[in-house]
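Scroll down for the structure; my scribbles are underneath it.
The values are calculated or read from the model by the stated rules, or taken from the named source; none is laboratory data. The shown structure was predicted, so the numbers you read here are calculated from the model rather than taken from an experiment. Neighbour counts are summed over all protein chains in view; Cβ atoms, including those assigned to glycine, are modelled from backbone coordinates with ideal geometry. These area figures cover heavy atoms from the full protein model, side chains too; ligands, DNA and RNA do not enter into them. Shrake-Rupley method; radii C 1.70, N 1.55, O 1.52, S 1.80 Å.
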Amino acid sequence: MTKYVLVSDNTLLYDYHKFPLLDFLPSAPSHAVPRSAYNFLRGSISPATEGHELRLAPYGLRKLEAALLAGGISRGEIAVAHPDHLGRFIKEDTEIIAVHTMDPFGLGPTTMSYYALFGGKSISPYVRVEWDELISRINALRSGKKAKLIVGGPGVWEYTILSDEIARQKIDYLFQGEADDCAALLFRQVVERSIDPNVFSTSYVTYDDTFHRTTRQHTNFLSRGSSIGPYPKLEDIPDIVGPTTKGMTEVMRGCGIGCDFCEVTLRPLRYYEVDKIAREVEVNVRAGFDYAWMHSDEIFAYKHLPQYVPNQEALVELYTKVMQIKGVSRTNPTHGRISIPAAYPELIEKLSAIGRTGRTNWAGIQVGLETGSEKLAKMHMPAKTLPLKIGVDAGWQEIVWKGVYNFNRHFWRPAFTVQVGQSGETDDDNWETVAMINRLSNSSVNGVPFEFTVTPLYNMPLGRIKARNVEVSLNPSMLAVYYASYRHLAKMAYRNAVASSRGNPVMRAGIASMIGMGGYAMMKAVEHIGRKRGLDLERAKSWGVGNRKNIESWAVINAAM
Ligand code: SF4
């Protein structure tokens, strides 16, 4: 009897043709991208097992499954349901339907950045369209039955803003926080209608624009109560038992670098030991993966030394352990900071040798650059370059340039984000970001143009989202940042679309031309909007690259290393 049905937001289940930047597709506004193009570009959904469960599920949902099992709930009572087969699992005796979400209403930064660009009467990105469709389907299936609907995952905070959606979507509870050590208890207490307020508080945590934390009472929200503490202990986090989408496994939680726009930094640092990481990677290898995608918010902080000096020994041990697993031929981390390749090229060289990066095996890594402005970098993320100090060891843009140079030299392709709309930002700061992007876009290593992508994000202050005052008009300097980013992306899409797309030759040609054209169309769309709103396009194209003196002197320094 399936008492507990675990479900994922569909946008976390598509393969996006394994083309990295297409992961952002569901953030696109539904009024600007035709549904047929969206359906084609999102690719295939994770296949079903013979038992109609998900073959690959998001890591967070796998952790919930593992937590329920570790808490004494039997395998037969849990199903990680495939979205095409929900009706097979949601029955009269189902007790709980738990749904995992990342960005249900499109209030996340990527989605807001598209909204800021394209506008519209209301925010209706595909993430929201798909979420609405899923919840409506679940509600139709559970209508007249006793099953409670619980929503969890990193996107739960969006319901603290759009709280009227809780009743509209007939959600019984939203769980906020990490539940690895208490999920089974939570489910039992919900079923027995006996929620102990010492264990689960009916409240949620919210932040203001400067990340000051407040707790608010709300009967639909549940979070960790005083008797279990704010976070699970490392030893109480069980291993996943089923394979994950994209072969992702976690290596640590928290960060601690202290960027003032980031909530992750508030969570305590906890590192998984390499044996635990290896056990989780093996689960994915048994499902057919030949690579391991290691998730953290800052890989170079893994067991770091004082002043965030990277712990080279620990990182080498981690990479070695993962690559020694039979069946693993590639690995890459999810996130890392740019100062480490800038200051420790020998570390990147060592990790690259272990991870076997090369011309046909680039390691992707997401890196938050956020700005080209030295002033804003010092103001909002002064520790992000540790152990280097901005303005003492080198200027911010020089650190970035050296970081890309050393990443590319060893076949790491960074995927950058930059922000507009930061507090204290002026037009000059945005033009510094334009200059940084143009310089990187016009640089090369060993005669090969720099390989990187850059995605602009609109930094919408939480206060404005809460006040539902999200009408945005990008000014010309902000549009210049968007334009420089999409101009570079069009260049990269043209250069890499064929090589990066997967499938048979006909499929690859179709995907490659869609991506190539998509990159060009996006650049043209920004150009069109920019021209209408007074952006000087010629200035945006050439800003920062008129004087190549700096780039050349950084190149000389690096060539000598
Ligand atoms: S380095 Fe990244 S994860 Fe860490 S605080 Fe800064 S933005 Fe957040």
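Where does helix 345-355 land angle-wise versus the long Cα axis of the chain, in degrees 0 to 90, nearest 10? Here the helix axis deviates by roughly 50 degrees. With R₀ fixed at 56 Å, the C-beta to C-beta distance from residue 194 to residue 314 puts the FRET efficiency at about 0.80.
Per the Debye formula on identical point scatterers at the alpha carbon atoms of segment 243-336, with no solvent, log10 I(q)/I(0) at q = 0.15 Å⁻¹ is -0.56.
In straight-distance terms, cross-link reach from residue 524 covers every one of the lysines whose alpha-carbon lies under 16 Å from its own, apart from those fewer than eight places away in the same chain; here that gives 491, 532, 541.
At q = 0.16, 0.19 Å⁻¹, what is the log10 ratio I(q)/I(0) for segment 1-134, with the Debye formula run over Cα points and no solvent? For segment 1-134 at q = 0.16, 0.19 Å⁻¹, log10 I(q)/I(0) is -0.84, -1.06.
A straight Cα-to-Cα reach below 21 Å connects residue 378 with the lysines 389, 402, residues fewer than 8 places away in its own chain not being considered. Once the Cα atoms are used to define both axes, helix 505-532 deviates from the longest principal axis of the chain by about 70 degrees. Leaving ligands, DNA and RNA out of it, report the carbon-plus-sulfur percent of the accessible area of segment 243-336 at a 1.4 Å probe. Of the solvent-accessible surface of segment 243-336, carbon and sulfur hold 53 percent.
What does the convex hull of the Cα atoms come to per residue for segment 4-234, in Å³? Could you put the intermediate results ahead of the total?
Working: hull volume 33.3 nm³, N = 231.
Cα convex hull per residue, to the nearest whole number: 144 Å³.
Each of 115, 271 has its accessible area taken with a 1.4 Å probe; listed largest first, they run 271, 115.
Segment 48-65 and segment 80-98 have Cα centres lying 13 Å from one another. Where only DSSP H runs of four or more residues are counted, the chain gives -12000 deg cm²/dmol as its mean residue ellipticity at 222 nm, each run worth -39500 (n - 2.57). If you wrap the chain in the convex hull of its Cα atoms and look at it from every side, the mean projected area works out to 24.4 nm². In order along segment 13-25, the phi-based Karplus estimate (6.51 cos²θ - 1.76 cosθ + 1.60, θ = phi - 60°) of 3J(HN,Hα) comes to 10, 6, 9, 6, 6, 6, 9, x, 6, 5, 4, 7, 3 Hz; Gly and Pro are listed as x. Put +1 on the Cβ of each Lys and Arg and -1 on the Cβ of each Asp and Glu in the chain; which of 361, 34, 247 then has its Cα farthest toward the positive end of the dipole? Going by the charge dipole, the pick is 34. Mark the label point 7 Å from the Cα of residue 263 along Cα→Cβ and return the residues of segment 88-119 whose backbone N is within less than 14 Å of it. Under cut-off, by backbone N: 101-110. Solvent-accessible surface of segment 4-234, averaged per residue with a 1.4 angstrom probe and all protein chains in place: 40 square angstrom. Pairs exceeding a 30 Å alpha-carbon distance, out of 170/384; 18/326; 18/148; 233/384; 63/326: 170/384; 18/148.
Considering only the other residues whose Cβ falls under 13 Å of the Cβ of residue 199, what net charge follows from Lys and Arg at +1 and Asp and Glu at -1?
-1
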